[in-house]
Each structure stands twice: as C-alpha cells, then as structure tokens.
Amino acid sequence: PTAGPAAPVTTRHTRVVTQQQPREFAPAPAARPDYALERRAQRRRTLGWIIAILVVALFLGYGGWWLGAGRLATVPTITGLDRAAAVSALEAAGVPNEIRGEYSDDAPVDAVLGTDPAAGERVGDGETVALLVSLGRPTVPKLPGGGDRATVEDELRRRTFEPVDGGTAFSSTVPEGGVAALDPGPGTELAVGSAVKVIISKGAAPIEMPDVAGKKPDAARSQLEDAGLAVVDTREVFDPNVDAGRVSGTDPATGTEVGAGSSVTLLVSNAVKVPSLLGRSVPAARKELERLGLAVEVRQVADTDRSVVIGQSPGAGDRVEPGGTVTLTALP
C-alpha cells in the first residue's frame, strides 16, 4: 500500500546530569615468567663476573711477576775473563757491580776469582753483585802508633790471619797492654789463614841510673835524657870530692833501677876549694878567703898586718862547705 505523507518530527533536547562514578576494572590476568630470558640474563651476569675476575687475576699475576721474577737479572759466567772483561760482562747483563778484593794463595794479584752471588743466580733490580778479585797472598800488617790491641787483631783477621798469644815483652815505645810486636814481623807474606803471634807490651824496661858525677850539669842532663829519664830539678849539696858547680850525683842514686821516663834530681856540688895562702900577708890572705865566702881565723904572735902566713888549715886544694872557716898561722 502507499503510505501517506510523513508527519513532521519535532526534536527536543534533554540534558541529563549524572554523577561521576569510578570505573571498575577487572584484574588483569598474571603474566607468566619468562624463564629463558631470566637464564640468559643470569648467564650474562656470570660471564661478566668471570671476565672481571680473570682481568684482576691477570693484573695481579703480572704485578707479582714484575715485582718478582720479572725484575730479576741473571749473573753471567765470567770464568777465564780478566778484570776489565768481567766488569763489561756484568754491565752487559744489566747487573750493577762492585770490586771486592780477596786474598788467595794461588791466584795472582788482580786475577778474577768469581762473583758473589755466583754465576747463574738471579738478583733483584738494583742489587749489586761483587766481582771478586785476587789480592794475592796476605802480609802481616804494620803496627799502629800506640799498638792498640783491638785494632791490631781486627786487622790481622781482615787479612785472614788468626791472632794467637805470643807472650809479653818490654817496649820503650808502646805502653803496657798494647801490642809490642808481631811474630812473624810486619811485611811477612804468609798463607791464607796462618796464625800470627801477638806479643803484648810490659811497658818500658827498667833503667839503671847512670853515673854522671863530676860532669857539668848540662852534660849530665843530656846523658840522663838520652837514657829515657827526665831531669826535673837541681839541688846543691856539699861534696868534699867534687868541685863547686860540678855534679855530685843524682836522686835516685847511681845504679838504682827506675822505670823509663822517671824523674831525676841532679845534685850539684857547692864545695869551695881552699887556695894556697902560704907566704901571703895576713890582710891579703883574709881578703882572698872572704871573697870565697869563707870565714878566717888568724893565729899570730903579734897582732900586726905585716905578719906572713906560714900555715893554713884546711890545706891548699881542700874543699870546705860554703861559709866554712880557714885557720891561718902567721909570723911574727
């Protein structure tokens, strides 16, 4: 059938206000773990640690090698080389070296004996190798001034010798307790390790006081000093047998044993020799005696200056003490 004309449509807008409500979501389903991915990540982490450990181990190993074997040098063989060639061989091997002398009974002086450490051994960086060079056979050393025992024995041992007791002896130059001598003597060539006798000083030998009586003081002093004695004083004494100004003796007395360097006093006579006064007038005789420091006693018949001396006591040539009295006999 045929439809009629459509009726007009009227549109009305309606506004609906609603309240916001939270949207409710349904929980998402749990994701399934990817075990293969986790295993690959774990393998990567393990491989990283292994590489790191290997790098550290290599670094530590190289450091240890550098501090140890990597910095070592091998001492070369120098057998048969002379001194200059041996030094060159050590320098070529990069080994610092020094010369050290050693005594030898067989090798000539300057012959190469070897090295210390020995050939083939390894030495660290900066370590010095001693090139051992022959000093030949050792000789007995000279004695030092004063003969210090410790110094002498140390020098003997340094030359490979063995110091042994050699007894004692007097010495005018070495004080008591020092080394007076060696046996064999200094300069003697001996085998390595030989024994050398060490003779200890007892000090200077006693000196017998020499006889210097009748000499002038200067001559007596020189003789005593040449004997190792010291003249420290001079004293006047009366000696009827020695002229004035001459030495009467010594203190200590002649023949006494004294130590070297002992002090000595010279005894010098002050005796006055009486001159011959016979035939002189009393005044002249008196004047002469008074000039000599002597007292005068005159025995005469008459108290006159014209009297002549006919006798005297003590007699001419006799010696008297200073200030002594001489008695004159005169006539008339």
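The values are calculated or read from the model by the stated rules, or taken from the named source; none is laboratory data. Note that the structure is predicted; figures quoted are calculated from it, not measured. Cβ sites come from the backbone with ideal geometry, for glycine too, and all protein chains shown count toward neighbours.
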Report task. For residues that are surrounded by 16 or more Cβ atoms within 10 Å (Cβ to Cβ) and touching a residue at least 40 places away in the same chain (Cβ under 8 Å), tally how many sit in segment 218-241. Result -> 5
Query raised in the report: Does residue 172 satisfy the criteria of being among the polar types (S, T, N, Q) and surrounded by fewer than 16 Cβ atoms within 10 Å (Cβ to Cβ)?
Result: yes
Report summary line: Of (1) of a type outside the set (Val, Ile, Thr); (2) farther than 24 Å from residue 248 by Cα; (3) modelled with pLDDT of 95 or more, residue 314 fails just (2)
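Could you pull out the residue among 227, 213, 219, 271 that is out of contact with any Cys (no Cβ under 9 Å at 6 or more places or on another chain), closer than 30 Å to residue 330 by Cβ and of a type outside the set (S, T, N, Q)? I'd like the intermediate steps shown before the answer.
Values: 227 fails: closer than 30 Å to residue 330 by Cβ; 213 fails: closer than 30 Å to residue 330 by Cβ; 219 fails: closer than 30 Å to residue 330 by Cβ.
On inspection, the qualifying residue turns out to be 271.
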Query raised in the report: When both residues are 6+ apart or on different chains and their Cβ atoms are under 7 Å apart, which pairs have a first residue that lies in segment 303-319 and is in the same structural domain as residue 281 (by TED's automatic domain parsing) and over 10 Å from residue 283 (Cβ atoms), and a second that is assigned to a loop (DSSP other than H, G, I, E, B) and of a type in the set (Gly, Ala, Ser)?
Result: 308/279; 309/279; 316/276; 319/271
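Every residue, every condition in (1) surrounded by 13 or more Cβ atoms within 10 Å (Cβ to Cβ); (2) among the hydroxyl-bearing types (Ser, Thr, Tyr); (3) part of a strand (DSSP E or B); (4) not assigned by TED's automatic domain parsing to the domain that holds residue 190, yes or no:
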residue: 87; (1), (2), (3), (4): yes, no, no, yes
residue: 95; (1), (2), (3), (4): yes, no, no, yes
residue: 110; (1), (2), (3), (4): yes, no, no, yes
residue: 115; (1), (2), (3), (4): yes, yes, yes, yes
residue: 118; (1), (2), (3), (4): no, no, no, yes
residue: 126; (1), (2), (3), (4): no, no, no, yes
Report summary line: Going through (1) in contact with a Phe, Trp or Tyr (Cβ under 7 Å, 6 or more places away or on another chain); (2) farther than 26 Å from residue 116 by Cβ one by one, residue 182 fails only at (1)
Requested in this report: Might you let me know whether segment 296-307 holds any residue that is modelled with pLDDT of 95 or more, assigned to a loop (DSSP other than H, G, I, E, B) and out of contact with any Asp or Glu (no Cβ under 6 Å at 6 or more places or on another chain)?
Outcome: no
